[in-house]
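The values are calculated or read from the model by the stated rules, or taken from the named source; none is laboratory data. Values in this document were obtained by computation on a predicted structure and should not be read as measured data. Counting neighbours? That spans all protein chains shown, and the Cβs are built from the backbone with ideal geometry, glycine included.
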Amino acid sequence: MIKSLKFDSDFFKYRIGKIDLGSGYGLMNLAKDLKTFQKSNFDCIYFEVPSKMTLINDYCKKKEFLLACRKIVLIKNTTNKQILQQNIVSSSPRKYISDFPDIAKSILSESRFNKDPRFKKKACKLYELWVKKSLYDNYCQKYFISVKHNKAIGLITLKIRNNNLFIDLFGILPDFRRQGLGKELLNMAESWAWSNRFKQLFVTTANENKIAFKTYISQGYKLYQESFIYHIWRNHEI
């Protein structure tokens, strides 16, 4: 069954749907859903395939469907960290409003929307909106901003999903990377998680995002899940 995605459709100006691969979903189910897609009015559909569904992933590879993202979910058990907050703030984000578009741009580099040619032009605006909603519209539960010379140069946001706490957005401007600022933000996030009784902290990233992945691993995060997200457009032969 294809579920219509209203936000994505309205934002990108395409008719976009999603197929959910639940328990017991197999290759025959996918073939049926793809036939439904061919007869529908959708321009594009997404679906996420767990790595253990090898038959479906092999089929998608054979059909040369667009692999938009190799999605990695990492997990860490939280601990009570003692943190110095000299260069990190968690209030008054409007003071740094002019800095956030650059931070949004730094976060989207390995985004699946940035990799899909038809979404690429609007991907930056999508992430700018995501940052704005997180900081000004209570889209996330908590945020921390890394500041240097009165300029916001990094951001991390935390969001609860299905009773679990996730790092939702995380990025440092390129000129300020490899200075330990990312680790400071991760430590702040973990400290907040611990203080609010979350025993575990999750983060989703793209396998291609080597810098972020390396940072997470160095901070003690472990692989939890792996999956593959595909985009199929109507003009692709199925």
Just give me the residues in segment 134-150 being among the basic types (Lys, Arg) and modelled with pLDDT of 95 or more, in sequence order. Lys142
Working carefully through the options Cys60, Cys44, find the one that is hydrophobic (A, V, I, L, M, F, W, C), over 20 Å from the mean Cα position of the chain (by Cα) and not assigned by TED's automatic domain parsing to the domain that holds Lys199. Cys60
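Within segment 147-158, can one find any residue that is in contact with a Lys or Arg (Cβ under 8 Å, 6 or more places away or on another chain) and either on the phi > 0 side of the Ramachandran plot or surrounded by 13 or more Cβ atoms within 10 Å (Cβ to Cβ) (or both)?
The answer is yes; a qualifying residue exists.
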For Ser91, state whether it is of a type outside the set (Asp, Glu), modelled with pLDDT of 90 or more and either surrounded by fewer than 15 Cβ atoms within 10 Å (Cβ to Cβ) or assigned to a strand (DSSP E or B) (or both). no
Selected residue (criterion: surrounded by the most Cβ atoms within 10 Å (Cβ to Cβ)) from residues of segment 213-236 that are among the aromatic types (Phe, Trp, Tyr) and closer than 15 Å to Leu34 by Cα: Tyr230
Test each condition in (1) at pLDDT 90 or above; (2) loosely packed, with under 12 Cβ neighbours inside 10 Å for Ile172 and report the one that comes out false. (2)
Please go through segment 100-113 and give me each residue that is under 22 Å from Tyr14 (Cα atoms) and crowded, with 19+ Cβ neighbours inside 10 Å, ordered by number. Leu108, Ser111, Arg112, Phe113
What is the number of the single condition among (1) in contact (Cβ under 8 Å) with a residue 40 or more places away in the chain; (2) surrounded by 16 or more Cβ atoms within 10 Å (Cβ to Cβ) that Pro50 does not meet? (2)
